[in-house]
Amino acid sequence: MRNVMIHHRVFFCCTKPLSILPSLSPPHLHLSYSAAAAAASSPNRAIHCMANDSPLSQPLTGGDGSVSVPPSSPASSAIDFLSLCSRLKTTPRAGWGKRDVKNPESIADHMYRMGLMALISSDIPGVNRDTCIKMAIVHDIAEAIVGDITPSCGIPKEEKNRRESEALEHMCKLLGGGERAEEIAELWREYEANASPEAKVVKDFDKLELILQALEYEQEQGKDLEEFFESTAGKFQTDIGKAWALEIASRRRKQQ
């Protein structure tokens, strides 16, 4: 088994302070991917990091603080990748915490229901439904490393995209590269660029899942989450997005 060392700069934004590795002294972060997955058991903590070199390129013969890189076997790469993705299951969506929502959904919860939206949606001419399902599953995957960076973080869009792009590159290398890793990267880039009919549909599903969840939190916890409805109003790009948004709005009016 080969070892490499990761040198990261660590950023803490829009999350509670990270306490899982108290001995760290930024900008040098020595972190194993297995440790990153284990750290996800603390659901309100996320690592926002930017690498200043490739995390899988510098060999190390051993020593404390090294990062174990999996052997080249597809099974080992797949399990290490999935272990890192476990952070998506335990990292809450940041916006809800800021509004004191109890037991907020995780990033994976959000992506899962978006996948269901794509699965049950009617066929749309010129739109590949299978691509939409895949895109929904991976569109926030980089947040396994950078966390849920929201507009209230004050981080420019370009910087957010850069951090997520680097995180995605690291995850694809962890997966071992190849066809599946490239597919994930292409789907993510296509979504970010809003560059296809499928991306536009999934962008609408992203907003729809947000307002549907907001409606449910209003019903369950007596919250007023009007700001989420206002922030998405008039921004739906597709007929299905507009139709489903109207249905959600109609149900919200009936409960008020």
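The values are calculated or read from the model by the stated rules, or taken from the named source; none is laboratory data. It should be emphasised that the depicted structure is a prediction, and the values quoted were computed from it without experimental measurement. Because the Cβ atoms are built from the backbone with ideal geometry, glycine has one as well, and the counts that use them run over all protein chains shown. Note: areas computed on protein heavy atoms with side chains; ligands, DNA, RNA excluded. Shrake-Rupley method; radii C 1.70, N 1.55, O 1.52, S 1.80 Å.
For the full complex of protein chains and a 1.4 angstrom probe, list 184, 137 by accessible area with the highest value first.
Numbers: 184 25, 137 95 Å².
Output order, biggest surface exposure first: 137, 184.
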Exercise. Could you pull the accessible area for residue 119 with a 1.4 Å probe, rounded to 10 Å²?
Key: 90 Å²
Quiz item: Using a 1.4 angstrom probe and counting only protein chains, how large is the accessible area of residue 148 in Å², to 10?
Solution: 20 Å²
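Is the shape of region 119-256 best called rounded, prolate or oblate, per the rule: a/c under 1.5 gives rounded, else a/b larger than b/c gives prolate, else oblate, with a ≥ b ≥ c the square roots of the Cα gyration tensor eigenvalues?
Details: a/c = 2.30, a/b = 1.46, b/c = 1.58.
Taking the square roots of the gyration eigenvalues as a ≥ b ≥ c, region 119-256 is oblate.
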Self-check item: Surface accessible to a 1.4 Å probe, residue 124 within the full protein complex, Å²
Solution: 60 Å²
Quiz item: Which distance in nm do the two modelled labels at residue 221 and residue 162 give, with both placed 7 Å along the Cα-to-Cβ direction?
Solution: 3.4 nm
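Between beta-carbons, use under 12 Å as the cut-off and find the net charge around residue 121, counting Lys and Arg +1, Asp and Glu -1.
Values: positive: 129; negative: 123, 130, 198, 204, 239.
Net charge around residue 121: -4.
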Practice problem: Mind checking the full-extension length gain between residue 235 and residue 129? Use 0.36 nm per residue of separation minus the Cα-Cα distance, one decimal, nm. | Solution: 36.0 nm
Exercise. Using the structure shown, list the pairs from 98/134; 102/242; 207/235 with a Cα-Cα distance above 18 Å, or answer none.
Key: 98/134; 102/242
Practice problem: Return the sequence-ordered ³J(HN,Hα) values of region 224-230 in whole Hz as given by the Karplus equation 6.51 cos²θ - 1.76 cosθ + 1.60 applied to θ = phi - 60°, using x for Gly and Pro. | Solution: 10, 10, 3, 4, 6, 6, 5
